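Student: Structure in structure tokens, see below.
The values are calculated or read from the model by the stated rules, or taken from the named source; none is laboratory data. Quantities reported herein were computed from a predicted structural model and do not represent experimental measurements. In this analysis, Cβ positions are derived from the backbone assuming ideal geometry, glycine residues included, and neighbour counts consider all displayed protein chains. The area values use the complete protein model at the heavy-atom level, side chains included, leaving out ligands, DNA and RNA. Shrake-Rupley method; radii C 1.70, N 1.55, O 1.52, S 1.80 Å.
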Amino acid sequence: MVDITIAIPTLNSGATLGMTLESLRSLGSMARVILVDSHSSDQTLEIAKLFSIEIRTCPPGNLYEAVNVGLSDTDTEWVTYLNSDDVMYANTLATRIEGLRSAPIDISYGAVDFIDGDGRFLRSWKPARETALLPLYQAGYSAMLQQGTLIRRELFEKLGGFSTKYRYVADADFWFRALEAGAQFRYAGSATVAAFRLHRAQITQ
């Protein structure tokens, strides 16, 4: 049973993509992984083909447009995206999905590790608890990280996916809109859910 669709936007991601895809390998048939490439000129596509995942294309210029392309035309219960330089903790993801099967939850999120350019652990970061999310976003503070966040597909479609008006913060905009719409968030607790790579070439630098 395929439980989740994971979109991975890429543009010349060959240096890190292998580690990202390797982190998803053990999910097997429970995950549909879709790489959305924006005309890479390095070995990105060759690496993707080694993992036998679905490949789509999107013009360069907006990461969130690529994510929306990857998460369109899917019928899985959950959707998310993973940057091509980040890592998902697959065992934690599988446990979370199993625990959410009968729960009235729209978005699951959790703590994230920071790793350096070579994939070495730096530190962990914990998000705000559920009751604090809306006040913090209203105050202009981003209270959770996208890595490892799971979105129920019905909510993603209801809110029209990620807004392409933003180049850097459409994920924060989505969480804010979901909170204002009354979506149910659940903090994953003590389990760290993913790793966010810090390096000079990343967009957020």
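Student: Run down I34, I55 and say which single residue is touching a strand residue (DSSP E or B) at 6+ places or on another chain (Cβ under 6 Å), at pLDDT 95 or above and surrounded by fewer than 18 Cβ atoms within 10 Å (Cβ to Cβ). So that I can check it myself, show each step before the final result.
Tutor: On the way: I34 fails: surrounded by fewer than 18 Cβ atoms within 10 Å (Cβ to Cβ).
Residue meeting the stated conditions: I55.
Student: When you go through (1) of a type outside the set (F, W, Y); (2) touching a residue at least 40 places away in the same chain (Cβ under 8 Å); (3) open to solvent by less than 50 Å² (accessible area, probe 1.4 Å); (4) out of contact with any strand residue (DSSP E or B) (no Cβ under 7 Å at 6 or more places or on another chain) one by one for A143, which number turns out not to apply?
Tutor: Result: A143 passes all but (2).
Student: Look at T76 and say whether it is closer than 21 Å to M30 by Cβ, open to solvent by less than 70 Å² (accessible area, probe 1.4 Å) and in a helix (DSSP H, G or I).
Tutor: Numbers: closer than 21 Å to M30 by Cβ: yes; open to solvent by less than 70 Å² (accessible area, probe 1.4 Å): yes; in a helix (DSSP H, G or I): no.
No, not satisfied.
Student: Would it be correct to say that I6 is open to solvent by 10 Å² or more (accessible area, probe 1.4 Å), within 30 Å of G189 (Cβ to Cβ), in contact (Cβ under 8 Å) with a residue 12 or more places away in the chain and in contact with a strand residue (DSSP E or B) (Cβ under 9 Å, 6 or more places away or on another chain)?
Tutor: no
Student: Name the pairs: first residue in segment 177-195 and over 13 Å from I151 (Cα atoms) and of a type in the set (S, T, N, Q), second residue in a strand (DSSP E or B) and open to solvent by less than 20 Å² (accessible area, probe 1.4 Å), Cβ to Cβ under 9 Å, at least 6 apart or on different chains?
Tutor: That search, which allows pairs on different chains as well, returns S190/G110; S190/A111; T192/G110; T192/A111; T192/V112; T192/D113.
Student: While we're looking at this one, here's another question. Any residue at all in segment 24-37 that's under 14 Å from S84 (Cβ atoms), charged (D, E, K, R), in contact (Cβ under 8 Å) with a residue 12 or more places away in the chain and in contact with a Cys (Cβ under 8 Å, 6 or more places away or on another chain)? Can you show your working first?
Tutor: The first filter runs over segment 24-37 and keeps only residues under 14 Å from S84 (Cβ atoms), leaving 24, 33-37.
Remaining after also requiring charged (D, E, K, R): 37.
Then drop every residue that is not in contact (Cβ under 8 Å) with a residue 12 or more places away in the chain, which leaves 37.
From what's left, in contact with a Cys (Cβ under 8 Å, 6 or more places away or on another chain): 37.
Scanning segment 24-37, I find at least one residue that is under 14 Å from S84 (Cβ atoms), charged (D, E, K, R), in contact (Cβ under 8 Å) with a residue 12 or more places away in the chain and in contact with a Cys (Cβ under 8 Å, 6 or more places away or on another chain), so the answer is yes.
Student: Output the number of the condition that G119 fails; it satisfies all remaining conditions of (1) open to solvent by less than 20 Å² (accessible area, probe 1.4 Å); (2) in a loop (DSSP other than H, G, I, E, B).
Tutor: G119 satisfies all of (1) open to solvent by less than 20 Å² (accessible area, probe 1.4 Å); (2) in a loop (DSSP other than H, G, I, E, B) except (1).
Student: For segment 58-101, give me each residue that is over 24 Å from F196 (Cα atoms) and of a type in the set (V, I, T).
Tutor: T74, T76 - these are the residues of segment 58-101 that are over 24 Å from F196 (Cα atoms) and of a type in the set (V, I, T).
Student: Checking A181 against (1) modelled with pLDDT of 95 or more; (2) closer than 23 Å to T92 by Cα; (3) more than 16 Å from the chain's Cα centre (by Cα), only one condition comes out false. Which one?
Tutor: (2)
Student: Can you confirm whether Y109 is over 29 Å from I55 (Cβ atoms), aromatic (F, W, Y) and crowded, with 20+ Cβ neighbours inside 10 Å?
Tutor: So Y109 fails the test.
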